[in-house]
Structures are given as structure tokens and as C-alpha cells.
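A.B. asks: My structure is below; once you've seen it, I'll send some questions.
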Amino acid sequence: MPVVGGWIDSHCHLQDRYRPDGDELATVLSDAVAAGVSGVVCVGTDAATSRQAVELVRTVRTEAEGGHGPVPVDFGAWATMGLHPHEATHGVDELARELEATLAVDGALVVAVGECGFDYHYEHSPRDAQREVFAAQVALARRHDLTLVVHSRDAWDDTLDVLHGAGPPERTVLHCFTGGPQEARRCLDLGAFLSFSGIVTFKGAQDVRDAAALCPLDRLLVETDAPFLAPVPHRGKQNRPAWVVAVGEAMALLKGVTAAELAETTTSATRAAFALT
């Protein structure tokens with residue numbers, strides 16, 4: 001089967017603490033390029049991993065522009081800076097300082113605030129702390145005209161309540177969308193983009209597939225959330241950006257289009273969602 005090019009992994013974690021065991025960043029990225037991936041959005045989950053995401057993207061870009069390293073010169077690499085709801089007890093002040101300092105010198109590298117939001121499945125942070133920190137990051141995204149990357153797990157009402165109350169940023173991405181059609185419509189009505197992960201390939205995820213089926217192509221993104229949620233047929237392994245192709249191929253079947261068409265539409269939607277240049 002020929003390689004379909006042009007996929008963007010709209011959400012992955014490539015920092016040292018997240019990479020598959022034993023794999024160097026160069027290997028992860030060269031494997032992605034060989035699979036047809038043309039860009040990645042590396043996502044921060046606290047102040048430290050947000051700094052690392054920026055440093056990683058800077059290095060990838062510098063090496064590519066110099067004609068060496070694992071990716072070609074036209075490979076896209078972008079960073080986000082955010083505080084995951086699991087980390088909400090730490091408060092947003094350090095992240096806010098890091099974000100503003102980074103934007104002052106490396107603004108082109110940072111395209112979003114997040115991932116941030118609510119996680120009521122694990123509740124590693126109290127719900128009131130999650131709400132406060134999420135609202136603060138919505139405000140940061142609005143203040144700096146950045147995309148907002150939202151993590152919402154078992155918390156749709158509170159997620160949408162905060163977004164409605166604060167007024168969502170111009171661009172909002174619901175990452176690793178795990179809701180059904182009802183939640184998808186509520187998020188789409190808010191103007192959000194929906195990003196789908198390897199969950200769409202899981203046997204028990206019919207609600208997520210139904211949500212993806214109704215999502216317009218110009219609002220639909222694909223991601224790995226690497227190293228988590230590896231798609232079938234890789235389930236149970238540590239995920240990697242190269243496998244966003246498996247997510248995309250599954251989505252293409254679901255939407256009744258070719259893989260090449262889905263690669264084109266999701267790339268266009270990702271560029272719109274993050275205002276990528």
C-alpha cells in the first residue's frame with residue numbers, strides 16, 4: 001500500500017518523560033516521516049513539560065532548517081503550554097509566567113494554551129481547583145490570542161459551563177474526544193474543533209465513532225495522544241506519531257472518503273484550529 005503523506009498529529013507528547021522506552025526523539029520523528037506524517041503538535045502538561053515542548057520544537061526546527069536531523073525542512077513542529085487538570089493543585093501562576101516569558105522571545109513556537117480542563121475519572125486534583133485553573137487558562141488563551149486545547153473526561157457539563165461563562169477563545173480544540181453525538185453537537189455549537197484519537201479504533205467506542213461520523217470534515221482533527229491510546233492494531237503498545245496514520249485511515253473509512261482526502265482535510269482543519277503558518 002502506498003504511503004499517504006501530509007498527516008499532522010494534532011496532539012502528542014514527545015518530551016523525554018513520555019517517549020516510548022528506549023526510543024530517541026530522532027527515531028520517533030524519522031519513523032513518523034516515513035509513515036507520511038508532515039507535522040506534530042507537542043503538548044505540555046505542566047510548567048516543566050511545557051518548557052520542554054518549546055525546547056524540543058526549537059531544536060527540531062533548527063536542525064531541519066540546517067539540513068540535518070530526522071525531519072525534512074518543511075516538517076511542521078509546534079508546541080503548546082498548559083497545565084493538565086491532574087496538576088491543578090499546583091496552580092497556574094508558574095505556567096503563566098513561563099508562557100509570557102516564552103511568548104516574548106519564541107512566540108512563533110507556541111500555538112496553544114493547554115492541555116487543560118477537567119478530569120473527573122481520576123480526580124487527582126479537587127474539582128474546585130480544576131475549575132479555577134481551567135478558567136485561568138481560558139483567560140490566558142484569550143489574552144494572547146492562542147488556541148485552547150481542552151481535556152474533558154467525564155466532565156462535559158462543567159467543561160462547557162466554564163467555556164460558556166468565560167467566553168471561549170476564537171479557536172478551541174476538544175482533544176481526544178470521548179463523548180457521543182450529544183456532546184459533539186454541544187461542542188460544535190460552541191465553535192470548537194474535535195480531535196479524535198486511537199479510541200475510534202477500539203471495539204467498545206461506538207459512541208465516539210458516532211460523534212466522529214457527524215463531525216464536519218472542516219472541524220475534524222486526528223491525533224495520537226502519544227504515548228497513550230495506541231490504535232488498533234498497535235493497542236497495548238506505547239503510542240507514537242507514526243500511528244496517527246492508523247487513526248486517519250480508520251476515520252476515512254468512517255467518513256466514506258479516501259485516506260488521502262482525510263489527510264488533506266484534517267491537515268487543513270489542524271492548520272485552521274491552531275492558526276499554523
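A.B. asks: Of all residues being surrounded by 10 or more Cβ atoms within 10 Å (Cβ to Cβ) and in a loop (DSSP other than H, G, I, E, B) in region 59-77, which is modelled with the lowest pLDDT? Just the residue, please.
C.D. replies: Residues of region 59-77 that are surrounded by 10 or more Cβ atoms within 10 Å (Cβ to Cβ), as a first pass: 59-65, 69-73, 75-77.
Imposing the further condition that a residue be in a loop (DSSP other than H, G, I, E, B) reduces the set to 69-73, 75.
Details: Gly69: 90, Pro70: 95, Val71: 97, Pro72: 96, Val73: 96, Phe75: 97.
Once the filter is applied, the top-ranked residue is Gly69.
A.B. asks: Can you name the residue in region 78-119 that is surrounded by 14 or more Cβ atoms within 10 Å (Cβ to Cβ) and of a type in the set (Ser, Thr, Tyr) and, of all such residues, is farthest from Thr159 (Cα to Cα)? Break it down into steps so the answer makes sense when it comes.
C.D. replies: Here is the first cut: in region 78-119, the ones surrounded by 14 or more Cβ atoms within 10 Å (Cβ to Cβ) are 78-88, 90-92, 94-96, 98-99, 102-103, 106, 109-119.
Checking which are of a type in the set (Ser, Thr, Tyr) leaves us with 80, 102.
On the way: Thr80: 19, Thr102: 27 Å.
Result: Thr102.
A.B. asks: Residues to consider are Val3, Val54; find the one that is loosely packed, with under 15 Cβ neighbours inside 10 Å, touching a residue at least 12 places away in the same chain (Cβ under 8 Å) and of a type in the set (Val, Ile, Thr).
C.D. replies: Being loosely packed, with under 15 Cβ neighbours inside 10 Å, touching a residue at least 12 places away in the same chain (Cβ under 8 Å) and of a type in the set (Val, Ile, Thr) holds for just one of Val3, Val54, which is Val3.
A.B. asks: Then there is this: Suppose the filter is closer than 20 Å to Cys12 by Cα, surrounded by 24 or more Cβ atoms within 10 Å (Cβ to Cβ), without any contact (Cβ under 8 Å) to a residue 40 or more places away in the chain and in contact with a strand residue (DSSP E or B) (Cβ under 8 Å, 6 or more places away or on another chain); does Ala141 pass it?
C.D. replies: Yes.
A.B. asks: Which condition from (1) out of contact with any strand residue (DSSP E or B) (no Cβ under 9 Å at 6 or more places or on another chain); (2) at negative phi is the one that Val173 breaks?
C.D. replies: (1)
A.B. asks: What tally of residues in region 40-51 results from selecting those that are surrounded by 22 or more Cβ atoms within 10 Å (Cβ to Cβ) and not in a helix (DSSP H, G or I)?
C.D. replies: The qualifying residues number 6.
A.B. asks: Sticking with this structure for a sec: I'd like the full set of residues that are charged (D, E, K, R), out of contact with any helix residue (DSSP H, G or I) (no Cβ under 6 Å at 6 or more places or on another chain), modelled with pLDDT of 95 or more and outside any helix (DSSP H, G or I), limited to region 92-129.
C.D. replies: Listed by number, the list holds a single entry, Glu115.
A.B. asks: Residue pairs, Cβ under 6 Å, 6 or more apart or interchain, first in region 239-261 and closer than 15 Å to Gly5 by Cβ and basic (Lys, Arg), second at pLDDT 95 or above and loosely packed, with under 15 Cβ neighbours inside 10 Å. List them.
C.D. replies: Within 6 Å, no pair qualifies.
A.B. asks: Restricting to region 179-212, give me the number of residues that are aliphatic (A, V, I, L, M) and more than 27 Å from Gly167 (Cα to Cα).
C.D. replies: First, pick out the residues of region 179-212 that are aliphatic (A, V, I, L, M): 184, 188, 190, 192, 194, 199-200, 205, 208, 211-212.
With the extra rule that they be more than 27 Å from Gly167 (Cα to Cα), the set shrinks to 199-200, 205.
So the count comes out to 3.
A.B. asks: A further question on this structure: Of the residues that make up region 114-128, is at least one within 19 Å of the chain's Cα centre (by Cα) and either closer than 15 Å to Gln52 by Cα or aliphatic (A, V, I, L, M) (or both)?
C.D. replies: Yes - at least one qualifying residue is present in region 114-128.
A.B. asks: Another question about this same structure. Just for region 202-238: of the residues that are touching a residue at least 40 places away in the same chain (Cβ under 8 Å) and on the phi > 0 side of the Ramachandran plot, which one is surrounded by the fewest Cβ atoms within 10 Å (Cβ to Cβ)?
C.D. replies: It comes out as Leu229.
A.B. asks: Please enumerate the residues belonging to region 215-256 that are in contact with a strand residue (DSSP E or B) (Cβ under 6 Å, 6 or more places away or on another chain) and at pLDDT below 95.
C.D. replies: Selection gives nothing.
A.B. asks: In region 159-195, which residues are of a type in the set (D, E, K, R) and surrounded by 20 or more Cβ atoms within 10 Å (Cβ to Cβ)?
C.D. replies: Looking only at region 159-195, we keep the residues that are of a type in the set (D, E, K, R), and these are 161, 170-171, 183, 185-186, 189.
Of everything in region 159-195, those that are of a type in the set (D, E, K, R) and surrounded by 20 or more Cβ atoms within 10 Å (Cβ to Cβ) turn out to be Arg171, Glu183.
A.B. asks: Whether any residue in region 195-206 is in contact with a Lys or Arg (Cβ under 6 Å, 6 or more places away or on another chain) and of a type outside the set (Ser, Thr, Tyr) is what I want to check.
C.D. replies: Of the residues in region 195-206, the ones in contact with a Lys or Arg (Cβ under 6 Å, 6 or more places away or on another chain) are 200.
Next, from what is left, pick out any that are of a type outside the set (Ser, Thr, Tyr): 200.
Yes, the conditions are met somewhere in region 195-206.
The values are calculated or read from the model by the stated rules, or taken from the named source; none is laboratory data. The shown structure was predicted, so the numbers you read here are calculated from the model rather than taken from an experiment. Glycine gets a Cβ as well: all are built from the backbone with ideal geometry, and neighbour counts include every protein chain shown.
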